[in-house]
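Read through the structure below, which is laid out as structure tokens, and then see the notes.
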Amino acid sequence: MMTRRMMFIASLVAFALLVTGCRDQRIIERMGFTRTVAFDLPPDDGESQDQKDKMLRVTLSIPKAQPENSRIVLTTTAHSSKEARVIVSRKNNRRIVSGQLRSALFGSRLAKEGLWKYIDTLVRDPSIGSKVNVVIVSGNANALLERDFKQYPSTGEYIDDLLRNASGLTEIPQANLHTFARDYFDKGVDPVAPLLKEDKQTLSVDGIALFRSDRYVGRIPPTKSLLFSFLHDNIATGEIVMKLPGAEGAKDEMIMLSFVASKRKITAKVRKPVRSGDDVAIDIRLRISGEVLEYTGKLNLQKTEDQLVLEKQMKAYVEKETKTLIEEILKLKSDPFGFGKKVRNQISYREWDKLQWHDAILPGVSVQVHADVKVKDIGKLQEADPVDEE
Amino acid sequence: MPDESNRQNPDAAAPDAHAASPDQDAQTTVKSTETKPPTLEGTLKEFAGCFDLGYRTFPRNQVHAVYLEYLIDADQLHRQLNQPFLEADDAQAAQLLTQSIFQPITTLNESVDSVLYGSTMLFFQGQAYALNLARSIGRSIEQTETETVIAGPHDGFVENLIENIALIRKRIRSSHLKFISLSVGEVTKTQVVIAYIEGLANDHFVKQLKTRIHDIEIDALHEANMLVQLIDDNPNSYFPQYMVTERPDSICSKLTSGRVVGLVDGSPSAFVAPTSFFEFFASPDDYYQRWHLGTALRILRFIGFAITIGFTAIYVSVTTYHYEMIPHTMLLNLTKSRSNVPFPPLYEALLMETTIELLREAGARLPTKIGQTIGIVGGIVIGQAAVQAGFTSNILIIAVASSAIASFVIPSYTMSASIRLLRFGLILLAGFWGNFGLILGIGFIIVHLSGITNLGSSYLTPAAPMNRTDWLDTFIRGPFSKLIFRPSQPASPNRVKTKQRK
């Protein structure tokens, strides 16, 4: 009796194992893992109607183990990204899978029309991690991914490393599928993404892409990107070069702060009911501290009084620059800093829902920036005590 | 033998014995020995056909001595038996036999047993006496081969029960240390000794262990590891349920923590009851080093456990199903090395694991010097060549090797062997069902572990039932000042180790 039952169970288990054993295997050497994918519109050169209907041009970059740093690049035109994968799979010797995706590139022309439907498939696919970089390419994304950069390892890896470096230096804010989807769905804040562009021999970070909802609307140039980062996030380390106006007639003084840490605090004052931008006053407090590694001005940094003067100059610089930066951004009707969230928190959701935040309120919002810049350290160069000399 | 002339050949004695009771067949003899009076004839008859039987009489008196020649100490025999009795007449012999070293024996059964355990049986005027002259047989105390420590005592138990008991007695100078002697095996009549410290050990466990050992029905018992399988709560379980060790220091610490210990004659291993799963990961070394180090070592062993059961299985499941989990930098190397391999990862892993087990088994069976050669041949030649020949991937070699090495971190050989076998099940599950199978397998192991009991106490103590105080001496090795309580599992009536002076 017992043995018959055991036999039954054993055969059931064996059956289950045998039946399930062969399904859905993904043995690594039989897979082609897409490392980087680029989406863009097909180029605008009198193509057939069929081409025009298929509005998406997809490039996949699949690294190969041998020889080193080699890769397979496949480009196709399709209606959607998954269709593109199916089409490409028909050509490739290995099954194309997206579980090792690291970066998704979007052409700026495509991004202007809205990215969400492409990001949606990426977020929906459980094999794709949420830390996949979202990158906007100034220019043609397909062409960028198809190009090989002789001095660097394969383009996919180059892009990943470049982005990691740049965001490590707080040149660009972190932007991946998670942050993009979060900011897209969250009301009162818009996503951001880094911009890349092709140079003659290299790629380069081309600043930060601003969005209104999922549409690419404007760009912050690289020179302003750290200022943007001060406003966008608390940062732990970064480098900033400030051009302070020199004494009358003299050249501008350059000062470079290293190991910059900053904290930001945004508060909103709302006069209810909110009808226009005038009813909202945003106040931003920045606390920035850093180490002076380069200074071309006249002040003697070893004197405490001079340091205070310098701090005041830098404070003025930061306040002025961030204010113009914010005004420019607000003109684009984009809200990357989440002013809307602060406002939303102070009024009822029904009220917020009725607001035309991007179109009616945001451009008229008044913004005040209070910066507090501290010099932590003046570096290794220490001259003899100036007081003694005098 | 000092007096050759008086020594009779047992073969010659046997017919006499037969003549005394010609109508008894073997069956009834065995049964009736329980109550039969101990007679010379009866004893000689039992040992008929044993060439090592010594039988002698003394010319000046009626004393007959029966003994097994090679079990007893010839010196002692001469001093205690031959010298006094050769010169004694009947009256003097009777006087001599009143000494307490001569134990009166009342049944034939006892008399036969006494001879078997190394006593000399003396028959005199219808009375029978046993004189214990047993000689220590076997190797002398030396280091154990399986459980070595770096700092700490190097002596280990030997096959000789007497030596082993002496080792324990020498370490625990307490009259509360009790030994109960039992015998197991219908043919071998192996002596089994239960040791415990009165007042520290729970009577319940002592009684239960005694009953279980008493109830064993087996013809022959050769080893403590064999005995524990006969008294398991869960005989079909995968895991060893009694901790078995060859280290007297470890046994003594178990005794003082209130556990019960068993020793088997002829076996250098002693077993401990009740035992929990986590005890198999503790080594006496932990207590001989600073507590930080002891703690680190314990944690290391648990990591080793995880690596042993999981590493190869994770390799299989990741390369077969979950390529997403592999870091990108490793992925290309892995693909490169896998692309030469003709088998799917499951077969590849099973093949390599089997090879490692073959190496290990071959190494264990061979003498140490050849064993090393096998290790080198196996490790270098097979490891290197297998990758170059495209037989396996090099990452798998790392996985297999590190899980094999990690399995030897576990101090208990029986536990480490169990875990090594368990690995194969997990590899199969990982190959069939990926990470789902792996988690399923680990789930089953945990469920199974939770069901095991040892003398009725939970095998997973102190994780289930939870006992935080025990954790201090289970998952970590706390400083001695904090180890105030005895472990909860043995349910010692005296939980406090030392009443600390203020």
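The values are calculated or read from the model by the stated rules, or taken from the named source; none is laboratory data. Predicted model, so just to flag it, every value in this text is computed and none were measured. So basically every Cβ, Gly included, is an ideal-geometry build from the backbone, and we count neighbours across all protein chains shown.
Within the group A:SER89, A:SER70, A:SER103, which residue is in contact with a Leu (Cβ under 9 Å, 6 or more places away or on another chain) and not aromatic (Phe, Trp, Tyr)?
Among A:SER89, A:SER70, A:SER103, only A:SER103 is in contact with a Leu (Cβ under 9 Å, 6 or more places away or on another chain) and not aromatic (Phe, Trp, Tyr).
Give the residue that is surrounded by the fewest Cβ atoms within 10 Å (Cβ to Cβ), with candidates limited to residues of region A:14-50 that are β-branched (Val, Ile, Thr) and modelled with pLDDT of 80 or more.
Filtering first and then ranking leaves A:ILE27.
Looking for whichever is within 14 Å of another protein chain (Cβ to nearest Cβ), of a type outside the set (Asp, Glu) and crowded, with 20+ Cβ neighbours inside 10 Å here; the options are A:SER98, A:SER127. Which one fits?
A:SER98
Being part of a helix (DSSP H, G or I) and either of a type in the set (Ser, Thr, Tyr) or within 15 Å of B:ALA406 (Cα to Cα) (or both) is the filter; apply it to region B:315-339 and report the residue that is farthest from the chain's Cα centre (by Cα).
Applying the filter and picking the extreme gives B:THR329.
Inspect all residues belonging to region B:279-291 and state whether any of them is within 14 Å of chain A (Cβ to nearest Cβ) and either more than 26 Å from the chain's Cα centre (by Cα) or free of Cβ contacts under 8 Å to residues at least 40 places away in the same chain (or both).
No: zero hits.
Does region A:228-242 contain at least one residue that is aromatic (Phe, Trp, Tyr), outside the structural domain of A:ALA193 (by TED's automatic domain parsing) and within 29 Å of A:ILE347 (Cα to Cα)?
The answer is yes, given that some residue of region A:228-242 is aromatic (Phe, Trp, Tyr), outside the structural domain of A:ALA193 (by TED's automatic domain parsing) and within 29 Å of A:ILE347 (Cα to Cα).
Taking the criterion of being touching a residue at least 60 places away in the same chain (Cβ under 8 Å) and away from chain A (no Cβ under 12 Å), would at least one residue in region B:328-336 satisfy it?
No: region B:328-336 contains no residue that is touching a residue at least 60 places away in the same chain (Cβ under 8 Å) and away from chain A (no Cβ under 12 Å).
Collect the residues in region B:55-81 that are more than 33 Å from the chain's Cα centre (by Cα) and in a loop (DSSP other than H, G, I, E, B), keeping them in residue-number order.
B:PHE58, B:PRO59, B:ARG60, B:ASN61, B:GLN62, B:VAL63
Just one of the numbered conditions (1) surrounded by 14 or more Cβ atoms within 10 Å (Cβ to Cβ); (2) part of a loop (DSSP other than H, G, I, E, B); (3) within 16 Å of the chain's Cα centre (by Cα) is not true of B:ILE165; which one?
(2)
Looking at (1) surrounded by fewer than 23 Cβ atoms within 10 Å (Cβ to Cβ); (2) within 10 Å of chain A (Cβ to nearest Cβ), which is the only condition B:ARG301 fails?
Of everything listed in (1) surrounded by fewer than 23 Cβ atoms within 10 Å (Cβ to Cβ); (2) within 10 Å of chain A (Cβ to nearest Cβ), B:ARG301 misses just condition (2).
Does B:ILE251 satisfy the condition of being touching a residue at least 24 places away in the same chain (Cβ under 8 Å) and either assigned to a strand (DSSP E or B) or buried (at least 24 other Cβ atoms within 10 Å of the Cβ) (or both)?
Yes; evaluated as a whole, the condition is true for this residue.
Report yes if some residue within region B:79-96 is basic (Lys, Arg) and either at pLDDT 85 or above or over 24 Å from B:GLN191 (Cα atoms) (or both); otherwise report no.
So far as region B:79-96 goes, yes, one or more of its residues are basic (Lys, Arg) and either at pLDDT 85 or above or over 24 Å from B:GLN191 (Cα atoms) (or both).
Please work out which one of (1) in contact (Cβ under 8 Å) with a residue 60 or more places away in the chain; (2) more than 14 Å from every other protein chain (Cβ to nearest Cβ); (3) not in a loop (DSSP other than H, G, I, E, B) is the condition A:PRO63 fails and give its number.
(2)
Take the conditions in a helix (DSSP H, G or I), surrounded by fewer than 18 Cβ atoms within 10 Å (Cβ to Cβ), within 28 Å of the chain's Cα centre (by Cα) and charged (D, E, K, R) and apply them to A:GLU351. Does it pass?
Here the answer is no, as A:GLU351 does not meet what is asked.
Report every pair of residues separated by at least 6 positions or lying on different chains whose Cβ atoms are under 7 Å apart, first residue within region A:67-78 and away from every other protein chain (no Cβ under 14 Å), second among the basic types (Lys, Arg).
Once the first residue is away from every other protein chain (no Cβ under 14 Å) and sits in region A:67-78, its partners that are among the basic types (Lys, Arg) give A:LEU74/A:LYS91; A:THR75/A:ARG57; A:THR77/A:LYS54; A:THR77/A:ARG57; A:ALA78/A:LYS54.
Restricting to region B:343-366, what's the tally of residues that are among the acidic types (Asp, Glu) and touching a Ser or Thr at 6+ places or on another chain (Cβ under 9 Å)?
2
Within region B:451-467, which residues are within 28 Å of the chain's Cα centre (by Cα) and not β-branched (Val, Ile, Thr)?
Listed by number, the residues that qualify are B:GLY451, B:ASN454, B:LEU455, B:GLY456, B:SER457, B:SER458, B:TYR459, B:LEU460, B:PRO462, B:ALA463, B:ALA464, B:PRO465.
Tally up the residues in region B:89-105 that are without any contact (Cβ under 8 Å) to a residue 60 or more places away in the chain and within 20 Å of B:SER119 (Cβ to Cβ), please.
Here the count works out to 11.
Per-residue answers, yes or no, for (1) of a type in the set (A, V, I, L, M); (2) in a helix (DSSP H, G or I); (3) surrounded by fewer than 20 Cβ atoms within 10 Å (Cβ to Cβ); (4) under 27 Å from the mean Cα position of the chain (by Cα):
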residue: B:LEU351; (1), (2), (3), (4): yes, yes, yes, no
residue: B:THR373; (1), (2), (3), (4): no, yes, yes, no
residue: B:GLY379; (1), (2), (3), (4): no, yes, yes, no
residue: B:VAL400; (1), (2), (3), (4): yes, yes, no, no
residue: B:PRO411; (1), (2), (3), (4): no, no, no, yes
residue: B:PHE432; (1), (2), (3), (4): no, yes, no, no
residue: B:GLY437; (1), (2), (3), (4): no, yes, no, no
residue: B:ILE445; (1), (2), (3), (4): yes, yes, yes, yes
residue: B:LEU449; (1), (2), (3), (4): yes, yes, yes, yes
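Filter region A:290-330 down to residues that are modelled with pLDDT under 90 and either over 24 Å from A:LEU257 (Cβ atoms) or part of a loop (DSSP other than H, G, I, E, B) (or both), then give me how many there are.
So the count comes out to 8.
Among the numbered criteria (1) without any contact (Cβ under 8 Å) to a residue 12 or more places away in the chain; (2) away from chain A (no Cβ under 14 Å); (3) touching a Gly at 6+ places or on another chain (Cβ under 9 Å), which one does B:GLU324 miss?
For B:GLU324, the exception is condition (2).
Look at region A:185-203 and say how many of its residues are in contact with an Asp or Glu (Cβ under 9 Å, 6 or more places away or on another chain), closer than 23 Å to A:ASP359 by Cβ and surrounded by fewer than 19 Cβ atoms within 10 Å (Cβ to Cβ).
1
Any idea which of (1) under 26 Å from the mean Cα position of the chain (by Cα); (2) modelled with pLDDT of 85 or more is the one A:ALA78 doesn't satisfy?
Unmet condition: (1).
In this structure, is A:LEU203 over 12 Å from the mean Cα position of the chain (by Cα), modelled with pLDDT under 90 and not assigned by TED's automatic domain parsing to the domain that holds A:VAL241?
Judged against the criteria, A:LEU203 is not a match.
Is it true that B:VAL341 is of a type in the set (A, V, I, L, M, F, W, C) and either closer than 20 Å to B:VAL409 by Cα or within 14 Å of another protein chain (Cβ to nearest Cβ) (or both)?
Answer is yes for this residue.
Suppose we filter region B:46-90 for residues that are within 19 Å of B:GLN125 (Cα to Cα) and among the basic types (Lys, Arg); how many remain?
Number satisfying all stated conditions: 2.
Just to verify a result, which residue in region A:51-68, among those that are within 26 Å of A:ARG94 (Cβ to Cβ) and basic (Lys, Arg), is modelled with the lowest pLDDT?
Of everything passing the filter in region A:51-68, A:LYS54 is modelled with the lowest pLDDT.
Of the numbered conditions (1) modelled with pLDDT under 90; (2) touching an Asp or Glu at 6+ places or on another chain (Cβ under 6 Å), B:LEU68 satisfies every one except a single condition; which is it?
Every condition holds for B:LEU68 apart from (1).
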